Structures are given as C-alpha cells and as structure tokens.
Amino acid sequence: ADNTVRIWNWANSKVLHILEPSHQGRVTSVAYSRDGKLLASASWDQTIKVWDGLAWTLVDDLSDPSGAPLCVAFGRDRRLAWGSTDSTVKVWDGPGTETHVLRGHASWVQAVVLLSAVFLEVKVIETSLPRDADASAAAAAPATPPLDLAVHVRKHAYVVEGQGVEPRVLPRRAGTAPPDSATMEQLTYVLRALAATHPGTTEVRIVADSRTHYQEIVTLMDAARAAGLNNAALEGSSSEEV
C-alpha cells in the first residue's frame, strides 16, 4: 500500500531491503528472472522497474504510456513481458531495444507467461487403488457447485452475484473514488454472508471496465479481503455492461 517493493527474510519475517526509488502508485506485480539476477516490478503508476537482484539497485525504468501494467513475467532469456489495462501485452527484449506491442484482447490483461520449448519423457504407469464403500458413496455424491462470487461495477450500483443466489444491489455514486465507507461496510457484510453459505470460499471477481478508477478497484478488493475473501481477481467488462 506504500508503493514500495520490499525484500523479506521469510525465516524471521524481517525486511532486508526496501527498493528505491519507489513507485508512485500501488505495486501490482513482481517477478524474478529465472537466474535470480533481475527483479521486475509493475505498478499503477504506469511504469515497470527492473532491479539488480544482487545489489538491489535500479537497472531500467520502463514506462507504459497507454495503460497500467497489471502483471509481469520474465522468459528464460530474460525477455520481459507485461499485461496492461489498455488490453495489450508488451514485450521488452532488454536495454537498447524497442518494446513490442501485442494486440488482440478486448479487456485488461491480468496474467502473462513466457514459454520456452522443453521436451520431457512421460511414462504412464497403470495402477489401481482400493475403494471401500464410503469412498464409493462419496464419489457418487453430487458435488456442491462453486459459488463463483462476483462484484460487478455498474454505473449506479455494485451488483453482487453468485451461483444459485439472488443478486444483491448496492448503490454506487458514479465518479467517486474511492467509494464511501458506508457502502463498503455494506459490501463487506454482503460478501461475508454469502461466503458463509459456502465454507471454504476464498475467491471473488471484481468485474469493471477500463474507465473504473484504480483506487475504487483497490477499495473493493480491500472490502473483499475484510470479508475473508483473500483471492480477489480483477476481470474486465465491456462498456455495455456498465
């Protein structure tokens, strides 16, 4: 929340390094290169910073003028890619090179992976496991459908939907960022109540279009976490849905 990238010692939960200069907006994603020598961080401030993973100094400061990067990933050859709120994937080959822009998505890109060709020998070993009566009965029992919880950001309301539940509508004051605390308290209450009907539910989708202010999205995710839904994911929507 303080726009910094911090390096922790997981064994004793102490901060080893705070990387400077910090971002000017909330950090959305970090990724190590495969050799561990570089670290990349993406932020709502529309920049991607590349850090020396040994000296913890800034190596490159890349800008994304047309959108905010939501995810970042290194390839095997240190090629760097990120997904953006402008519905593109951008690929950077290193210092002195131009950024390639890949188009084709219709909404925000929230995850990227750079793949390399790897051939593995796969062996299939046939086996069987004993099944007792209880196990057979459990296998035959119908599974409870997932809740598939989502918060849709509409023009004048937040609509909370889930599999098999009645949609809940909360008023939204369009153009305000972040939302008022009273509305967020109501949203947290509704999400907590719905999640309680499906024990183990930890996921919720925040569905918003590219015009939604990032601070409003952050506040919605904070409300979800306050309701015990720690896996909040951002999903783009078309303007017709808003």
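The values are calculated or read from the model by the stated rules, or taken from the named source; none is laboratory data. What you are looking at is a predicted structure, and each value in this text was computed from that prediction instead of being measured. Heads up, the Cβs are rebuilt from the backbone with ideal geometry, glycines too, and the neighbour counts pull from every protein chain shown. Remember, those area values only see protein heavy atoms, side chains included, never the ligands or the DNA or RNA. Shrake-Rupley method; radii C 1.70, N 1.55, O 1.52, S 1.80 Å.
A few remarks follow.
- The set of residues in the range 211-238 being open to solvent by less than 30 Å² (accessible area, probe 1.4 Å) and assigned to a helix (DSSP H, G or I) consists of E216, I217, V218, T219, L220, A223, A224.
- Residues located in the range 81-102, provided they are farther than 12 Å from L62 by Cβ and assigned to a strand (DSSP E or B): G83, V89, H100, V101, L102
- Identity of the residue in the range 103-116, among the hydrophobic types (A, V, I, L, M, F, W, C) and open to solvent by 90 Å² or more (accessible area, probe 1.4 Å), that ends up modelled with the highest pLDDT: A106
- The range 20-38 residues that are on the phi > 0 side of the Ramachandran plot and open to solvent by less than 80 Å² (accessible area, probe 1.4 Å), paired with ones that are part of a loop (DSSP other than H, G, I, E, B) and of a type outside the set (A, V, I, L, M, F, W, C) (beta carbon under 9 Å, 6 or more apart): G36/G53
- Yes/no for S66 being at pLDDT 95 or above and small (G, A, S): no
- Among the criteria (1) part of a loop (DSSP other than H, G, I, E, B); (2) modelled with pLDDT of 65 or more; (3) open to solvent by 80 Å² or more (accessible area, probe 1.4 Å); (4) over 26 Å from S66 (Cβ atoms), the one A143 does not fulfil is (2).
- Count of the range 39-61 residues which are without any contact (Cβ under 8 Å) to a residue 40 or more places away in the chain, under 15 Å from S84 (Cα atoms) and open to solvent by 40 Å² or more (accessible area, probe 1.4 Å): 1
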